[in-house]
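Working notes for the structure below.
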């Protein structure tokens with residue numbers, strides 16, 4: 001069997017692309033792996049987060065804050081926020097790359113995606129720490 | 001596409017409207033839509049946390065909005081999107097392992113994802129209202 005490499009002209013990739021060996025995403029498997037690792041982490045973390053929310057739903061504010069501030073609960077919520085915002089960024093990046101074809105708009109959208117996810121992550125982490133340390 | 005000088009002359013894949021709608025295709029689309037919805041839903045979660053950390057007044061305001069009927073409808077949708085996206089993700093893990101590509105397996109997993117997400121969401125809210133009144 002002759003592969004496409006025997007007939008350079010019949011390949012769907014340009015010579016430049018084949019040399020770089022990085023595919024259409026301009027990077028290796030890092031993005032795929034990051035998305036899968038955070039997805040795996042999200043399963044127990046979001047379920048635990050959900051359980052905490054169900055527990056505190058309808059409780060008086062002091063009780064809610066006391067529950068969130070407990071070390072084990074706070075650590076689970078912190079891990080969840082970090083894993084969720086990382087997963088979010090990776091996922092939205094793919095959506096933007098699929099639908100925004102204008103190079104300038106795409107770069108702006110990708111940067112906006114990073115800013116939004118970083119802001120969500122930082123705000124969430126800060127809020128949990130503040131509640132936990134009782135500031 | 002015309003501005004991509006030097007690009008290889010690649011065939012274009014048919015667009016979405018060419019295909020007959022199928023369950024597995026719909027599930028792929030819904031997985032992406034729920035992902036985008038959860039992206040913005042995270043904002044609601046962070047607003048709640050920041051309000052809780054800010055002041056009793058802010059926390060009471062956010063709780064009142066989230067506890068209103070329209071807030072509860074949004075949270076119900078949020079929870080369904082999360083459970084659906086999670087089950088869809090587990091389906092992707094099965095595919096990552098090299099299983100579940102056959103016609104029957106694909107259809108079965110699609111149905112399990114829909115049925116499972118709806119059942120788990122209803123169960124979740126029954127528990128919330130049963131425990132919390």
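Divide by every residue of chain B the summed helix terms, -39500 (n - 2.57) for each DSSP H run of at least 4, and state the resulting mean residue ellipticity at 222 nm, rounded to the nearest 500 deg cm²/dmol.
Calculated mean residue ellipticity at 222 nm is -27000 deg cm²/dmol.
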*Using only Cα atoms, tell me the angle between helix A:30-56 and the longest principal axis of chain A; keep it within 0 to 90° and round to the nearest 10.*
20 degrees
*Degrees between helix B:23-54 axis and first principal axis of chain B (Cα, 0 to 90, nearest 10)*: 30 degrees
*When you take every Cα atom in chain B, what is the radius of gyration, and what is Dmax, the widest Cα pair distance, in Å?*
20.3, 65
_Calculate the FRET efficiency for residue A:114 and residue B:58 from the Cβ-Cβ distance with a Förster distance of 35 Å, rounded to the nearest 0.05._
0.80
*Per the Cauchy relation, a quarter of the hull surface: what is the mean projected area of the convex hull of the alpha carbons in region B:14-71, in nm²?*
5.7 nm²
*asked:* Distance between the C-alpha centers of region B:81-113 and region A:63-135? Whole Å please.
replied: 26 Å
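Ratio of the protein assembly as shown's C-alpha Rg to 2.2 N^0.38 Å, to two decimals?
Numbers: Rg = 22.1 Å, N = 268, 2.2 N^0.38 = 18.4 Å.
Ratio of Rg to 2.2 N^0.38 Å for the protein assembly as shown: 1.20.
Can you give the mean number of other chain Cβ atoms that lie within 10 Å of the Cβ atoms in peptide B:48-60?
Details: counts 4, 11, 7, 1, 10, 13, 3, 0, 3, 0, 0, 3, 1.
Across the residues of B:48-60, the mean count of other-chain Cβ atoms within 10 Å is 4.
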*Provide Rg and Dmax in Å for region A:32-99, with only Cα atoms included in the calculation.*
14.7, 45
*So for the pair residue A:129, residue B:72, with labels modelled 7 Å out along Cα→Cβ, what separation do we get in nm?*
3.7 nm
*Estimated FRET transfer efficiency (residue A:67, residue B:13; beta-carbon r; R0 45 Å; 0.05)*: 0.35
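FYI, it's all coordinate maths here, none of it is from the lab. As the structure is a computational prediction, the values presented were derived from the model and not from experiment. Neighbour counts are summed over all protein chains in view; Cβ atoms, including those assigned to glycine, are modelled from backbone coordinates with ideal geometry.
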